[in-house]
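Contents: one structure, followed by commentary.
The values are calculated or read from the model by the stated rules, or taken from the named source; none is laboratory data. Not measured: the values here are computed from a predicted model. Note that we place each Cβ from the backbone using ideal geometry, even for glycine, and neighbour counts take in every protein chain shown. Side chains are part of the model used for accessible areas, which takes the heavy atoms of the whole protein and leaves out ligands, DNA and RNA. Shrake-Rupley method; radii C 1.70, N 1.55, O 1.52, S 1.80 Å.
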Amino acid sequence: IAPTCDGEYKIWGGFGTTISGIVTSTDSVTAKNDYAGELNTDNIVAQLGIGNAPAAEYCRSLTFKNGKKGYLWSLGEAQDAYNNKAAIDAAMRKIGGTALPENYLWTSTQYSSYNAWLLYWGNGSVNYHNKDLTYYVRAVCAF
């Protein structure tokens, strides 16, 4: 997880467009089984085009210290991170990072052509909202 974020809200992008090749489900159990955030991010950017996928593009624009490019986590990845929230928050403090905001964070998992899944870092609840609304984004990368 990126040690910091730019603090801005971003739209997911593509309101009214179904991105092919990524998990699209109105069922939270199915959506929580999505662990393909990196592939999702690439598909979102490729299909919406540069300038039309702000959340995914922001994550892809970051390069981590290990040389890997960031991506927009999937709902399954976000849920796993939340399940380890105490350890992640402690690690962020230890490295001088900023805690993840106790707010909704976008995921790359799609609910429908108009909505995408979010995870609330404050309590781990999941919800979906319009892709044209702004929410926090925090980039992650693979080990």
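Summary of values
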{"read-out": "The range 113-140, residues that are open to solvent by 30 Å² or more (accessible area, probe 1.4 Å), part of a loop (DSSP other than H, G, I, E, B) and under 18 Å from Y35 (Cα atoms)", "value": "S125"}
{"read-out": "Matching residues, the range 12-38, being within 30 Å of G96 (Cβ to Cβ), of a type in the set (A, V, I, L, M, F, W, C) and surrounded by fewer than 19 Cβ atoms within 10 Å (Cβ to Cβ)", "value": "none"}
{"read-out": "Per-region count, the range 1-20, residues closer than 29 Å to K65 by Cβ and either modelled with pLDDT of 95 or more or in contact with a helix residue (DSSP H, G or I) (Cβ under 7 Å, 6 or more places away or on another chain) (or both)", "value": "6"}
{"read-out": "Some residue of the range 39-48 being surrounded by fewer than 19 Cβ atoms within 10 Å (Cβ to Cβ) and touching a residue at least 40 places away in the same chain (Cβ under 8 Å)", "value": "no"}
{"read-out": "Residue in the range 61-86 that is most open to solvent (accessible area, probe 1.4 Å), counting only those that are more than 26 Å from S125 (Cβ to Cβ) and free of Cβ contacts under 8 Å to residues at least 40 places away in the same chain", "value": "K65"}
